[in-house]
Amino acid sequence: MEHSSSATITATATAPSEDPQLAPLRDAIQVLLNTDPSLRCAGNTIAGLEKLRSQFDFLTSTSVAEFDQWGEWGHDGALNATAWIDTTCHVPKNEARAQLRRGKALASLPLVAQAWKEGDIGAAHVDALIRVKRPVTEESLSRDEKVLVGVARTMKFAEFATALDYWEQRADQDGSDEAAEAKKTQRDVYLYPSPYGYLGEMRFDRIGGAIVVKEHKRIEEELFEADWAEAKERLGRDPHVVDLARTPAQRRADAMIEMAVRSASTPPGARRPEPLFSVLIDYPTFWGTISQLEQGPVVTPGSLLSWLDTATFERIIFSPGQRAECSETARFFTGATRRAVEVRDRQCQHEFCDLSAEKCQIDHIVPFSEGGPTNQENAQVLCGPHNRMRYERPPPDG
């Protein structure tokens, strides 16, 4: 007796018909898609597209929140809105959950909602503000929402994130310390053999991670200099990046191996790597203590306690007129003025650059050749290209 082969039945969600409200939007987008990219690459076009994308994200998140509320997803047998979106729209569940989370949170953040609706902030800003919203911070967030939205509208995202970190410390110092400790307890490193070599992942708290990153970067730069010297000698000219023996990814991997090799061969009595904490104090009040790592990440005051005996600390007092008084440390004794300017400016001061101050130059605002003094008030951090750009002659007219 012959048996028929078993059949596998796969349920496929039927895509719903198009909402007529979306037809004009679809047609407008199609017009742009039919345009050659070279005709839609002007700066104002890019700025406009980014603004529209933020508004579209707002539109999507608020619609998803209402979709969840009304429960239409259940008509198809879905257990929740995100499962319906995952199956019908092929959107990852974590993104669908994020859309829903943002849409629901806006009810208690009206100024955030308005700024997002206008396209002045994006989903990343909303996620950051939702992250700091909890029962103990709700009153402070309601009071300061206008200020935080103003910061989000006008600052680069990284600067906004730093400002929000400090706001969170003020609003919930105990919670911030607890969160920092929780991140520390989640630290983990693992490596496992595979057919492709060793694979793995690393997770550190901000302080531990800063120590690892700084040393890893230092060795990586050593390897780059070695590769550059080897290529120059081999070619008899300054090499291009493609001429180097290793790719950036290979140098990063080799730097990690070199860290392990040097650790195994560390001589007795060698100095252990240590973080540098910059404790920034507002001059008029002295109560607004700000703590950051040398590279910039914000750390809570409580997380410094276990490093008091091993780390290097510097005190920066900001006085009126953007002057920063830098305490003397053995490490920065001869460069206290430079260090104060680095801490004050944090990064290249050109509007379209965010290279960290430690990789930049300190430039005279009024050129030294024109009588400009060498002091903090006449100093600014600029990267090499933007420093040179100041003194380049403008192109001739015509």
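The values are calculated or read from the model by the stated rules, or taken from the named source; none is laboratory data. Just so it is clear, the model here is predicted, and its values are computed rather than measured. Glycine gets a Cβ as well: all are built from the backbone with ideal geometry, and neighbour counts include every protein chain shown. Note: areas computed on protein heavy atoms with side chains; ligands, DNA, RNA excluded. Shrake-Rupley method; radii C 1.70, N 1.55, O 1.52, S 1.80 Å.
Screening residue 136 on (1) at pLDDT 95 or above; (2) under 12 Å from residue 171 (Cβ atoms); (3) not acidic (Asp, Glu) shows it passes everything except condition (1).
Considering only residues in region 1-28 that are modelled with pLDDT of 90 or more and open to solvent by less than 80 Å² (accessible area, probe 1.4 Å), the one that is nearest to residue 73 (Cα to Cα) turns out to be 23.
Scanning region 198-219 for residues that are charged (D, E, K, R), more than 19 Å from residue 263 (Cβ to Cβ) and open to solvent by 50 Å² or more (accessible area, probe 1.4 Å) turns up 201, 203, 206. Every listed requirement among (1) modelled with pLDDT under 95; (2) open to solvent by 70 Å² or more (accessible area, probe 1.4 Å) is met by residue 49 save one, (1). If you go through region 236-269 and keep only what is touching a His at 6+ places or on another chain (Cβ under 8 Å) and free of Cβ contacts under 8 Å to residues at least 12 places away in the same chain, you end up with nothing.
Taking region 56-76 as the region of interest, how many residues are open to solvent by 60 Å² or more (accessible area, probe 1.4 Å) and of a type outside the set (Phe, Trp, Tyr)? Don't jump to the end; show me each part of the working.
Looking only at region 56-76, we keep the residues that are open to solvent by 60 Å² or more (accessible area, probe 1.4 Å), and these are 56, 59, 63, 66, 69-70, 72, 75-76.
Filter again for of a type outside the set (Phe, Trp, Tyr), leaving 59, 63, 66, 69, 72, 75-76.
Final tally of qualifying residues: 7.
From the list 210, 163, the one residue that fits, being within 23 Å of residue 112 (Cβ to Cβ) and among the aliphatic types (A, V, I, L, M), is 163.
Within region 44-58, residues that are under 9 Å from residue 116 (Cα atoms) sit with their Cβ atoms under 6 Å from residues that are assigned to a helix (DSSP H, G or I) and open to solvent by 100 Å² or more (accessible area, probe 1.4 Å), at 6+ positions apart or across chains, in these pairs: 58/117. Within region 354-386, restricting attention to residues that are of a type in the set (A, V, I, L, M, F, W, C) and loosely packed, with under 12 Cβ neighbours inside 10 Å, which residue is farthest from residue 343 (Cα to Cα)? In this case the residue turns out to be 368. Of all residues being surrounded by fewer than 23 Cβ atoms within 10 Å (Cβ to Cβ), touching a residue at least 60 places away in the same chain (Cβ under 8 Å) and not basic (Lys, Arg) in region 99-120, which is nearest to residue 57 (Cα to Cα)? Just the residue, please. Ranking the qualifying residues of region 99-120, first place goes to 119. Total residues in region 131-150 satisfying the condition of being closer than 25 Å to residue 49 by Cα and buried (at least 18 other Cβ atoms within 10 Å of the Cβ): the figure is 2. Filtered by the rule that a residue be within 30 Å of the chain's Cα centre (by Cα) and surrounded by 13 or more Cβ atoms within 10 Å (Cβ to Cβ), region 233-255 gives 244, 246, 250, 251, 252, 253, 254, 255.
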